[in-house]
Amino acid sequence: MFSNFDFSVILNSWRYLFFDGMTFTLTLTALAALGGVVLGTLIAMMRLSGLPVLPQVAKAYVNFMRSLPLVLVIFWFYFLVPYIGQWLIGSERPIQVGAFSSSLITFTLFEAAYFSEIMRAGIQSIPKGQAAAASALGLTYWQAMGNVILPQAFRNMLPVLLTQTIVLFQDTSLVYVLSITDFLGAASKVAQRDGRLVEMYLFAAVVYFAVCFIASLLVRRLQRRVAIIR
Amino acid sequence: MNYNWNWGIFFDASPEGTGTYADMLLSGLIWTIVTALCAWVIAFAVGSVIGVLRTLPSRPAQAVGNAYVELFRNIPLLVQMFLWFFVLPELLPESWGTWLKQLPNAPFYTAVVCLGFFTASRVAEQVRAGIQALPRGQRMAGTALGLTTAQTYRYVLLPNAYRIILPPLTSEFLNNLKNTSVALTIGLLELTARARAMQEFSFQVFEAFTAATIIYIIINLLVVTAAGLIERRVAVPGR
Amino acid sequence: MTSSAMPPVSPAPEPQAAAAAAPASGPVGTLLSEPPPAAATGGPMITIDGVSKWYGDFQVLTNCTTAIRKGEVVVVCGPSGSGKSTLIKCVNALEPFQKGQITVDGTQIANKKTNLPKLRSRVGMVFQHFELFPHLSITDNLSLAQRKVLGRGRDEAEAKGLALLERVGLKAHAHKYPGQLSGGQQQRVAIARALAMNPIVMLFDEPTSALDPEMVGEVLDVMVELAREGMTMMVVTHEMGFARKVAHRVIFMDKGEIVEDAQKEDFFGSPRSERAQTFLSRILSH
């Protein structure tokens, strides 16, 4: 049934697909995951801080982000970021923000909501006695968090954080709606240019599947190792 | 921020000539809800079957269930959307493919089927987890009373498993609802698509997106409230 | 101690009999003075012939052979991990076994042609953790299998269930859910649920070992009465008081083997094997 399909289109375009497309996708994934985990951890700490207002703010942020479709959030930031930039540096007009920066800000802020829920569970999984012991030794809140609680929380939650990163990797394909050349965007552009939609989309599916499947196998292996050591 | 706010824009006629911008968003909302509900029917039915397969004492059944979940979880939803919409009609016999392509409302049917099967893999994961969370003895007790495997699932295991997984199923339902927006890429005129169109026609970016945002938040609150009611309704006394 | 919870169907047990059914009841001597139950003389109900079972490389049952006649009450005891629970689950094919044969009322259970659901519906089973269905009311717990397996109508099934609930002293709880009952009450419901299927034999898999001590007596009372009525019973338990009172035979298992299979008097009087002696002295010393 593939007789009238021309898979040479893949051979002719693989440099573009991987060097332009996949590089964008992977860079965006890595940076947004990093930023998302850092911001998410801060939000989780706010949520668990027991201070006035901060927990409510954190909770509102998380629930807000989790109520919205990622596509809508992508549109929001695409239009909003230039205005925020203008306001920040006090320029005359909305500033031009590149596609990459705009997507990076979007994914960092959006995924932070999801990462914060994971980190919250991670911090809560550490017995209360650990924090008490750290305080008893004279550590400040930040010292206790940085040296005692967070390292353990990260360790326990590493498999879940990585699984969420695989989800993030898949989610980055949605930058397609801004006509950005990520991996899917590149595949799509070649597909339209050469009229080879079937071949290109099947190939994109296979690549995404291979990457995610192998990554999730590795995460599962890691999970078993972490589980045994504990 | 020198942006010209105009909240009255919703009551201006949209250039489509079928009503105001508010009507446009409303029709988007209806498509979002209808698509989400139809997809959920598929997701719940298929997901339950796949989830059950993964808990049966049969290697081939488990393999089929696991393969399904891996396949649908490891390909981005957007790519799946393109596969159903652009690729499937080309792979079918020509007459079928043509029929599919000429189907009125093709984006709607495609979105329902695609989202249904995608969400099914996530429902399946929950159903499996719910069944495996039950004490092993429950299955044995059903079997020992002479119930067949199907009867044990129907009357003992599934009613209990669904109760356990009601909260995660609620969030899968909400994910499913939010994911309908991915179908704007194949031309489904759902809420986000309509907000985007309103922005393009009127240049009132933030009014359009604010309205869509508020609507999504309200739907979320309604669904969460409804799920709470259902949860209380089906709660088992003494647990 | 709990005899009041049991409305008599057959003649009520004597006061000290009821007391003796309690687990931590006094010295062994009072139990021995119990009148022996009627001897079982029926044909074979269960035959277990050379049964062996492995989990992977690990052998859990080794060449187990015994038989239980109609009307006979057999207690299976032994240290934990001795394979006694596995053996009783093999009898109604809840656990598969790789070697040997088991027949129940003449039907080979490992035979592929055997209709297992039908066979199991005639073999009552009571589990260590009760395994009532938590989402169903007590009434529905009792009628589910009657309706779905035996095809009884709702009214008939509920009437039968209610009669049995009355027998185990829980008629007033019919509308409740399992989570609202104590462990002892749940186990009595579980016994009633099994009886509702009109079983020809009852299997008990450590029916009292998940119970708080003060609830053991009420469950044993029901079992004693069942035994007195002539029900064929295979009971995995550590309750030696129960064994002395109503068992005809005691099977002692260790490391997957049937080490001793003796009439009750012989087993308690002079166990032949050293392992059974050690086990008995441990279990009876406190």
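The values are calculated or read from the model by the stated rules, or taken from the named source; none is laboratory data. Computed from a predicted model, the values in this text were never measured in an experiment. Glycine also receives a Cβ, built like all others from the backbone with ideal geometry; neighbour counts cover every protein chain displayed. What goes into the accessible areas is simple: the full protein's heavy atoms, side chains included, and nothing from ligands, DNA or RNA. Shrake-Rupley method; radii C 1.70, N 1.55, O 1.52, S 1.80 Å.
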Quiz item: What is the number of the single condition among (1) among the aliphatic types (A, V, I, L, M); (2) in a loop (DSSP other than H, G, I, E, B); (3) under 21 Å from C:LEU211 (Cα atoms) that C:LEU136 does not meet?
Solution: (3)
Practice problem: Return yes or no: is C:ILE258 modelled with pLDDT under 90 and either in a helix (DSSP H, G or I) or within 23 Å of C:THR208 (Cα to Cα) (or both)? | Solution: no
Quiz item: Exactly one of (1) open to solvent by less than 10 Å² (accessible area, probe 1.4 Å); (2) farther than 30 Å from C:ARG154 by Cα is unmet by C:ASP205. Its number?
Solution: (2)
Exercise. Starting from the range B:163-181, keep only residues that are open to solvent by 20 Å² or more (accessible area, probe 1.4 Å), then list their pairs with residues that are part of a loop (DSSP other than H, G, I, E, B) whose Cβ atoms are within a distance under 9 Å, requiring at least 6 positions of separation or different chains.
Key: B:ARG163/B:ALA235; B:ARG163/B:VAL236; B:ARG163/B:ARG239; B:ARG163/C:PRO134; B:ARG163/C:HIS135; B:ILE164/B:LEU134; B:ASN179/A:PRO69
Quiz item: Looking at the range C:114-128, which of its residues are surrounded by fewer than 24 Cβ atoms within 10 Å (Cβ to Cβ) and either among the basic types (Lys, Arg) or more than 7 Å from every other protein chain (Cβ to nearest Cβ) (or both)?
Solution: C:THR114, C:ASN115, C:LEU116, C:LYS118, C:LEU119, C:ARG122, C:GLN128
Exercise. Could you please find all residues in the range B:202-237 being surrounded by fewer than 16 Cβ atoms within 10 Å (Cβ to Cβ) and either in contact (Cβ under 8 Å) with a residue 60 or more places away in the chain or away from chain A (no Cβ under 13 Å) (or both)?
Key: B:THR225, B:ALA226, B:GLY228, B:LEU229, B:ILE230, B:GLU231, B:ARG232, B:ARG233, B:VAL234, B:ALA235, B:PRO237
Practice problem: Name every residue in the range C:169-179 that is open to solvent by 10 Å² or more (accessible area, probe 1.4 Å) and in contact with a Lys or Arg (Cβ under 9 Å, 6 or more places away or on another chain), in order of residue number. | Solution: C:GLY169, C:TYR177, C:GLY179
Quiz item: Of all residues in the range C:133-153, which are open to solvent by less than 10 Å² (accessible area, probe 1.4 Å) and within 8 Å of chain B (Cβ to nearest Cβ)?
Solution: C:PHE133, C:ALA145
Self-check item: Residue among A:PHE100, A:PHE64 that is within 24 Å of B:LEU177 (Cα to Cα) and either within 14 Å of chain B (Cβ to nearest Cβ) or open to solvent by 10 Å² or more (accessible area, probe 1.4 Å) (or both)
Solution: A:PHE64
Quiz item: Of these, A:LEU42, A:LEU72, A:LEU28, which one is in a helix (DSSP H, G or I) and away from chain B (no Cβ under 14 Å)?
Solution: A:LEU42
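Yes or no: C:LEU165 of a type outside the set (D, E, K, R), closer than 26 Å to B:TYR153 by Cβ, more than 8 Å from chain B (Cβ to nearest Cβ) and not in a loop (DSSP other than H, G, I, E, B)?
no
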Exercise. Could you check B:SER14 against (1) free of Cβ contacts under 8 Å to residues at least 60 places away in the same chain; (2) within 28 Å of B:ALA208 (Cβ to Cβ) and say which number it fails?
Key: (1)
Practice problem: Mind listing whichever residues of the range B:46-81 are away from chain A (no Cβ under 14 Å) and either within 26 Å of B:SER181 (Cα to Cα) or in contact with a Gly (Cβ under 9 Å, 6 or more places away or on another chain) (or both)? | Solution: B:VAL46, B:GLY47, B:SER48, B:VAL49, B:ILE50, B:GLY51, B:VAL52, B:LEU53, B:ARG54, B:THR55, B:LEU56, B:GLY65
Quiz item: Does B:GLY130 satisfy the condition of being surrounded by 15 or more Cβ atoms within 10 Å (Cβ to Cβ), more than 18 Å from the chain's Cα centre (by Cα), in a helix (DSSP H, G or I) and small (Gly, Ala, Ser)?
Solution: yes
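Working carefully through the options B:THR143, B:THR110, B:THR170, find the one that is within 14 Å of chain C (Cβ to nearest Cβ) and either in a helix (DSSP H, G or I) or polar (S, T, N, Q) (or both).
B:THR143
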Quiz item: Can you find even one residue in the range C:257-272 that is open to solvent by less than 20 Å² (accessible area, probe 1.4 Å) and touching a Ser or Thr at 6+ places or on another chain (Cβ under 8 Å)?
Solution: yes
Self-check item: Unique match (being farther than 21 Å from A:ALA58 by Cα, under 20 Å from the mean Cα position of the chain (by Cα) and either modelled with pLDDT under 90 or assigned to a helix (DSSP H, G or I) (or both)) among A:SER103, A:SER116
Solution: A:SER103
